[in-house]
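Contents: one structure, followed by commentary.
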Amino acid sequence: MTSPFQLAYIGLGSNLESPIEQICQALNELATLPLTRWVASSSLYASRPVGPQDQPDFINAVAALETRLSPLALLDQLQALEQQHRRRRQRHWGPRTLDLDLLLYGNDSITHPRLHVPHPHMTVRAFVLAPLNELAPALTLHHQSLSAWLEGIKDQPIERLTVSTREPNATI
Ligand code: ROI
């Protein structure tokens with residue numbers, strides 16, 4: 001029996017080696033994952049780093065995917081993509097070429113040594129909430145709307161970029 005499609009939200013982040021290109025390329029790659037359909041991608045957003053400040057600004061986005069991969073199989077795919085981007089991560093909360101976080105997987109709550117869903121820090125990070133709110137403004141997290149969560153972290157400035165991103169796999 002095949003498992004049903006689940007709607008999953010993926011957070012993307014980069015602050016090394018042409019971050020805009022890293023994110024645009026990763027959005028296209030997410031659209032090619034097995035047993036998975038691309039649904040939507042947010043705009044790109046620029047923000048100061050949360051955590052250590054002695055690193056470049058970040059580019060972030062969120063993608064919505066429909067997938068029949070299990071959460072751990074999806075995590076494996078995301079980690080393989082990170083490796084393809086020769087992810088460098090010298091220190092905890094330091095700069096990285098590509099970070100892919102599984103934020104939400106259907107309505108599942110997952111506590112596993114490798115994976116916590118919903119992503120534990122997402123309600124306190126504007127770089128996740130702003131792009132997610134663009135894609136799914138009706139979503140609630142822990143019974144509170146995304147805009148209410150965003151209201152609580154207005155001290156994290158974030159800029160929506162106007163660079164145009166192509167449709168994943170566009171041929172022109
Ligand atoms: N800060 C921003 N703005 N964007 C990120 O993607 C990001 N990722 C991280 C830490 C270092 C916590 N800070 C970040 O992992």
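The values are calculated or read from the model by the stated rules, or taken from the named source; none is laboratory data. What you see is a predicted model; the values in this text were computed from it and never measured. Counting neighbours? That spans all protein chains shown, and the Cβs are built from the backbone with ideal geometry, glycine included. Areas reflect the complete protein model, heavy atoms only, side chains present, ligands, DNA and RNA absent. Shrake-Rupley method; radii C 1.70, N 1.55, O 1.52, S 1.80 Å.
About the Cα centre of segment 1-125, how large is the charge dipole given +1 on each Lys and Arg Cβ and -1 on each Asp and Glu Cβ? Please answer in debye to the nearest 20.
Dipole about the Cα centre, nearest 20: 200 debye.
Per q in 0.11, 0.19, 0.20 1/Å, what log10 I(q)/I(0) does a Debye calculation on the alpha-carbon atoms of the chain return?
-0.43, -1.39, -1.55
Describe numerically, in nm with one decimal, the distance between label points set 7 Å from Cα along Cα→Cβ at residue 7 and at residue 143.
2.2
Using per-residue counts of other Cβ atoms within 10 Å, averaged over each peptide, order 130-136, 28-34, 105-111 from highest down.
Per-residue mean Cβ counts within 10 Å order the peptides as 130-136, 28-34, 105-111.
What ³J(HN,Hα) values, in whole Hz, does the Karplus curve 6.51 cos²θ - 1.76 cosθ + 1.60 give for segment 147-160 when θ = phi - 60°, with x put for Gly and Pro?
5, 5, 4, 5, 4, x, 10, 5, 6, 9, x, 8, 10, 7
Suppose R0 equals 30 Å. What FRET efficiency, 1/(1 + (r/R0)^6) with r the Cβ-Cβ distance, do residue 93 and residue 66 give to the nearest 0.05?
Working: r = 31 Å, r/R0 = 1.04.
E(calc), rounded to 0.05, equals 0.45.
Which value in deg cm²/dmol, rounded to the nearest 500, describes the helix-derived mean residue ellipticity at 222 nm for the chain, given -39,500 (n - 2.57) per DSSP H run of n ≥ 4 and division by the residue count? Mind showing how you got there, number by number?
Working: 4 runs with 42 residues, N = 172.
Helix-only estimate at 222 nm: -7500 deg cm²/dmol.
At a 1.4 Å probe radius, carbon and sulfur cover how many percent of the accessible area of the chain?
The computed percentage sits at 52.
First select every other residue whose beta carbon is under 15 angstrom from the beta carbon of residue 115; then total the charges, Lys and Arg +1, Asp and Glu -1.
That sum, taken over residues with Cβ under 15 Å, equals -4.
With every protein chain left in place, what is the accessible area per residue of the chain in square angstrom, probe 1.4 Å?
The answer is 53 Å² per residue.
Using packing as a proxy for protection, rank 75-81, 53-59 so that the peptide with the highest average count of other Cβ atoms within 10 Å comes first.
The densest-packed peptide leads the list: 75-81, 53-59.
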